[in-house]
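Everything on this sheet refers to the single structure shown next.
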Amino acid sequence: MADSELKRKTAKGLLWGGLGNGGMQLLNLAFGIVLSRILTPGDYGVIGALTIFSAVAGIFSESGFTLAIVNRRDIDRRDYSSVFWFNITVGMGLYIALFFLARPIAAFYRTPEMVPLARFLFMSSFFGALGTAPSGYLLKNLKIKQRSKSLIIAVTMSGTVGVICALNGMAYWGIAIQTVTYSLIYNLLLWHFSALRIGFEFSWKTISEMFPFSVRQLTVALFNHFNNNFFAALLGRFYGMVTTGFYTQGNKWTTMGYSALSGMIGSVGQPVLRQTVDDRERIVRVFRKLLRFTAFLSFPAMFGLAIVARELIVISVTAKWLPAVPVMHILCIGGAFIPISTLYGNLFNSIGRPSIYMWNTVCIGLVQTGAILLTYSGGLDFMLRIYVAVNIGWLAVWQFFACRTIGLRLRHLLADILPSLVGAVVVMAATLLLTRSIEVPVISLLVKIPVAAVLYTILMWIVDSEMIHEAIGFFRKKH
């Protein structure tokens, strides 16, 4: 594919990826605000404690085959059918196992009422197995628009169901019903938009050929999930459901921020890089452009989220959730670097080195877990700071392997991300200084966001940022 055509598809994919993931997070935000006003921290704590189990089951059900489909050069109907039947079988087996494990899980948390809730919530992992094949098909063919439509429709419908349930006094059951409804609708829509047709064909050869790649993606997903949810499981056991609820609330807002960015980058990262794998200079050029774009968006977005954390919490979910604000402050700093780490993972998968991505994810997970256990006595804030510091510091490890595989130098990394990083820090500090006298949360929020956006745009224009010129040129062309 020529550079001009690849650039056009990348820009289109980023646009629809941004709209889809951004729209999904905004809808989640809106529904989350309503639910948070109705439900208690304890309600969120119960769901947060179970999330680690349902998500692990979902990861095993998918088994890394979505990206394995993207990575496979030649793929036909038999391959898609084989993946579908394999994932369905694994998903059903896992649900049956979790059904019987619901009682021991409830005993672990000393919450007997978790048993029926867990058995219902775990259905979401089985429904997730339905969508692996069509999701891989859409991603491989850069049909990001269809994936985005599926996201937005599923979030809208499931969020409405969740709010109705909560208003009718169903407490944490409302969140569980919302989660299961989302999983079912989203995966059915993937089938609708992909128009993929599956037969009764099954080939162990196909599965065995894709398995070495998929098992590495499975390992990565498991460790990522473990890293993201270890706090909730730990807090639920030792500090109770209320503290877990505050952490879950703060983590939810932060995750919405960096997930929208990671989802947008991930929707095009691996498919685009995969098409440049035969030309080393070209893959470096494309990767660096994606890196600059990621930094250009991620740092101001996540640092901006940090400076409006208090206003967002007070306005949206009321002051009863204020203990979640310090959690957001810390996690937003680490969250700014997560999309960059995701992009490095896309790079290693694309060049046929998924083991690098896998072992880096495993090692950082082990280091973070060890650091958490060693600093547990210092309290939640201290643990979070250590967790974030390890995550940021590991960027040097990602860069080391990128240098060895494609020749990307450290000076390239610094040149690509430092302008946006320094610019975002300067702009957010200036925004806080300019708005420090505003005490009304609504006014503070409405002033901080446009001030930060304008200052960042002006600063990037002054330093002649490539990204600001390309963004303006793209939207002029679209207009």
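The values are calculated or read from the model by the stated rules, or taken from the named source; none is laboratory data. Note that the coordinates shown come from a computational prediction; the quantities given were computed from them, not determined experimentally. Note that we place each Cβ from the backbone using ideal geometry, even for glycine, and neighbour counts take in every protein chain shown. Side chains included, ligands, DNA and RNA excluded: accessible areas come from the protein's heavy atoms. Shrake-Rupley method; radii C 1.70, N 1.55, O 1.52, S 1.80 Å.
For segment 325-364, the tally of residues that are under 15 Å from A389 (Cβ atoms) and assigned to a helix (DSSP H, G or I) stands at 10. Just one of the listed residues (I330, I340, I313) is within 18 Å of the chain's Cα centre (by Cα), under 27 Å from L35 (Cβ atoms) and among the β-branched types (V, I, T), and it is I330. Assessment of segment 172-192 against the conditions (open to solvent by 20 Å² or more (accessible area, probe 1.4 Å) and assigned to a loop (DSSP other than H, G, I, E, B)) yields no matching residue. Would you mind telling me which numbered condition in (1) modelled with pLDDT of 70 or more; (2) more than 30 Å from N71 (Cα to Cα); (3) open to solvent by 20 Å² or more (accessible area, probe 1.4 Å) G304 fails? In the conditions (1) modelled with pLDDT of 70 or more; (2) more than 30 Å from N71 (Cα to Cα); (3) open to solvent by 20 Å² or more (accessible area, probe 1.4 Å), G304 misses (3) alone.
Return the residue satisfying two criteria in turn: it lies in segment 248-280 and is of a type in the set (S, T, Y) and open to solvent by less than 10 Å² (accessible area, probe 1.4 Å), and of such residues it is modelled with the highest pLDDT.
In the first step, residues of segment 248-280 are kept if they are of a type in the set (S, T, Y); the result is 248, 254-255, 258-259, 262, 267, 276.
Pick out the ones that are also open to solvent by less than 10 Å² (accessible area, probe 1.4 Å) and you get 254, 267, 276.
On the way: T254: 87, S267: 67, T276: 69.
Ranking the qualifying residues of segment 248-280, first place goes to T254.
Residues that are polar (S, T, N, Q), open to solvent by 20 Å² or more (accessible area, probe 1.4 Å) and out of contact with any strand residue (DSSP E or B) (no Cβ under 7 Å at 6 or more places or on another chain) do occur in segment 347-357, at least one of them.
With respect to being closer than 28 Å to Y456 by Cα and out of contact with any Asp or Glu (no Cβ under 6 Å at 6 or more places or on another chain), T294 fits the description. Scan segment 453-468 for residues that are closer than 19 Å to V308 by Cα and among the charged types (D, E, K, R) and the total you get is 0.
Of the residues making up segment 145-163, those that are among the aliphatic types (A, V, I, L, M), within 19 Å of the chain's Cα centre (by Cα) and open to solvent by 10 Å² or more (accessible area, probe 1.4 Å) number 3. The residue of segment 428-456 that is modelled with the lowest pLDDT, among those that are open to solvent by less than 70 Å² (accessible area, probe 1.4 Å) and part of a loop (DSSP other than H, G, I, E, B), is I438.
Against the conditions (1) under 22 Å from M358 (Cα atoms); (2) open to solvent by less than 60 Å² (accessible area, probe 1.4 Å), where does R404 fall short? Just the number, please. All conditions pass for R404, except number (2).
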